[in-house]
Amino acid sequence: MTTTAVANHPSIFTHRSPLPSPSSSSSSPSFLCLNRTNFIPYFSTSKRNSVNCNGWRTRCSVAKDYTVPPSEVDGNQFPELDCVVVGAGISGLCIAKVISANYPNLMVTEARDRAGGNITTVERDGYLWEEGPNSFQPSDPMLTMAVDCGLKDDLVLGDPDAPRFVLWKDKLRPVPGKLTDLPFFDLMSIPGKLRAGFGAIGLRPSPPGYEESVEQFVRRNLGAEVFERLIEPFCSGVYAGDPSKLSMKAAFGKVWKLEQTGGSIIGGTFKAIKERSSNPKPPRDPRLPTPKGQTVGSFRKGLRMLPDAICERLGSKVKLSWKLSSITKSGKGGYLLTYETPEGVVSLRSRSIVMTVPSYVASNILRPLSVAAADALSSFYYPPVAAVTISYPQEAIRDERLVDGELKGFGQLHPRSQGVETLGTIYSSSLFPNRAPNGRVLLLNYIGGATNTEIVSKTESQLVEAVDRDLRKMLIKPKAQDPFVTGVRVWPQAIPQFLVGHLDTLGTAKAALSDNGLDGLFLGGNYVSGVALGRCVEGAYEIASEVTGFLAQYAYK
């Protein structure tokens, strides 16, 4: 920021460092990532009139195969579905895509008039940009989904050697990309590096007897400098959050687990490597491309190609502009769902349901079924974030930021202590090809988050002015011409915050559903799986496995 984010957590930008990212599939050091997989909110408000960000629509017809007017539903005349996935964001679409391989008798419903959630790709005047998630970490589940949807030849991957930067003391300083960089990078002092090294091997205070925030965990294990100069801006990039409130266990569980299992971060890493060597994974799918190094990916025509491709395969199983008004238990097992649709009120019967809408939407729908579950889901916090995409001529970039006459790199993050309002900037035209006309630089900037909620009251011009003012302090020449604004998108409820207690609250919601006899009703989406786009796809496979397991048992009841 999405993101969606550190090495495997697409958000504001990816780079490697002593701390692995939460969705990393390996235990090798990895860290930040600037793209906005983390931005997967539900409702949005566009603050510009010149660009129609919702202009694209997926071609999914509204079929009537499984629908009848409510007056005709008596529990016998109604064809029963195996599953209804509520919400056609990337989580819902991927879950449906996986389930449909074994249980094609399903449906995906979406209240809005387009699928894809907040994946918002816009193309105009020679520019191609994202206003929601910006990229993804190319994990094997993510690549599998892309290949299965016929998008292998459309994959584009960023340069794994492209530098990432953090603003510190008025200078953009590179983040170490590999272990050999650690002694030489100037983002941290020698004492700070030594403190981090000793802490990583276990020479630090023991874990307390309570759930730690990200700030508490990092300061205790790696010291103040790692937190203030790397992890704090990283949290802004991934979650647009406040690291003093984010849960280490929930937000960065794989790193948290290293200390739990190995006694220290390094000890846990060695133990994980040993376990992997003793229990090798099955052979990798030969169809999948092999990304080089730590990088992020997208598609030739932007991220929207993925939901478009999934929708094309699901066809009439995707219903747009269907607003779910109620869910009730069916007397014969399963559920009855009632919708308001363009064709009137429609009801469906289904053996199972997967709720992939944001938690606050799910809370309202599920309250008649379980007050306890609804209360838990309503407690998750989604702060606002704005995506401001602007372009400058190449000559507007400061000379010291150019390499061979070009701006190169993934992007930059800005710690809150450095006097700038912008959370971070992605070098969109450097990251992927064909994103801007020749001679132009396209920059995607994120502003807002848990520590700056006032952005919702600002105008488009005020947001652009704030971003432009920040960029002229470190990237753009002070006297450069005004930027060309391609798009400004404000997400009033952007990224779910994995605060201390998040996993307990999520567990409470799931337990309440079970206690109320709501078997076959599953929770999904980014507040369950993780905020990065790649984690949403990985989580989709996990949830789809739970659903198919339930349906297999259901057949024998």
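So, R416, is that one open to solvent by 10 Å² or more (accessible area, probe 1.4 Å), closer than 21 Å to L167 by Cβ and within 24 Å of the chain's Cα centre (by Cα) or not? Show your work before the answer.
Details: open to solvent by 10 Å² or more (accessible area, probe 1.4 Å): yes; closer than 21 Å to L167 by Cβ: yes; within 24 Å of the chain's Cα centre (by Cα): yes.
Against the criterion (open to solvent by 10 Å² or more (accessible area, probe 1.4 Å), closer than 21 Å to L167 by Cβ and within 24 Å of the chain's Cα centre (by Cα)), R416 qualifies.
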Practice task
For residues that are closer than 20 Å to F234 by Cα and of a type outside the set (D, E), scanning just region 153-167, find the one that is surrounded by the most Cβ atoms within 10 Å (Cβ to Cβ).
Solution key: R164
Problem - Residue list for region 99-110, restricted to those being touching a Phe, Trp or Tyr at 6+ places or on another chain (Cβ under 9 Å) and surrounded by 21 or more Cβ atoms within 10 Å (Cβ to Cβ) - result: M107, T109, E110
Completion exercise
Filter region 195-245 for residues that are open to solvent by 10 Å² or more (accessible area, probe 1.4 Å), part of a loop (DSSP other than H, G, I, E, B) and of a type in the set (A, V, I, L, M, F, W, C); the one that is farthest from K271 (Cα to Cα) is L203
Problem - Unmet criterion (only one of (1) open to solvent by 30 Å² or more (accessible area, probe 1.4 Å); (2) part of a helix (DSSP H, G or I); (3) not acidic (D, E)) for V537 - result: (1)
Fill in the blank from the handout: By residue number, the members of region 93-122 that are touching a Gly at 6+ places or on another chain (Cβ under 7 Å) and on the phi < 0 side of the Ramachandran plot are I95, V108, E110, N118, I119, T120, T121, V122
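Has region 243-266 got at least one residue that is in contact with a His (Cβ under 6 Å, 6 or more places away or on another chain) and within 27 Å of P384 (Cβ to Cβ)?
Initial filter on region 243-266 (in contact with a His (Cβ under 6 Å, 6 or more places away or on another chain)): 247, 250.
From what's left, within 27 Å of P384 (Cβ to Cβ): 247, 250.
Taking every residue of region 243-266 in turn, at least one turns out to be in contact with a His (Cβ under 6 Å, 6 or more places away or on another chain) and within 27 Å of P384 (Cβ to Cβ).
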Exercise for the section: Collect the residues in region 168-187 that are aliphatic (A, V, I, L, M), open to solvent by 20 Å² or more (accessible area, probe 1.4 Å) and within 30 Å of D470 (Cα to Cα), keeping them in residue-number order. Expected result: L182
Exercise for the section: Answer yes if at least one residue in region 178-193 is farther than 30 Å from T505 by Cβ and of a type in the set (V, I, T), and no otherwise. Expected result: yes
Practice task
Starting from region 210-229, keep only residues that are closer than 18 Å to S417 by Cβ, then list their pairs with residues that are open to solvent by 20 Å² or more (accessible area, probe 1.4 Å) and part of a strand (DSSP E or B) whose Cβ atoms are within a distance under 8 Å, requiring at least 6 positions of separation or different chains.
Solution key: R229/W168
Completion exercise
The one condition P307 fails out of (1) farther than 30 Å from L551 by Cα; (2) at pLDDT 95 or above; (3) touching a Gly at 6+ places or on another chain (Cβ under 6 Å) is (1)
Exercise for the section: Quick one: L407 ticks every box in (1) under 16 Å from C235 (Cβ atoms); (2) surrounded by fewer than 20 Cβ atoms within 10 Å (Cβ to Cβ); (3) not basic (K, R) except a single one, so which number is it? Expected result: (1)
Completion exercise
Of the candidates T328, T389, T356, the one satisfying the condition of being in contact with a Ser or Thr (Cβ under 6 Å, 6 or more places away or on another chain) and within 18 Å of L81 (Cα to Cα) is T356
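The values are calculated or read from the model by the stated rules, or taken from the named source; none is laboratory data. Keep in mind the model is a prediction, meaning the values are calculated, not measured. Cβ: placed from backbone, ideal geometry, glycine included. Neighbour counts: every protein chain shown. Keep in mind that these areas ignore ligands, DNA and RNA; they rest on the heavy atoms of the full protein, side chains included. Shrake-Rupley method; radii C 1.70, N 1.55, O 1.52, S 1.80 Å.
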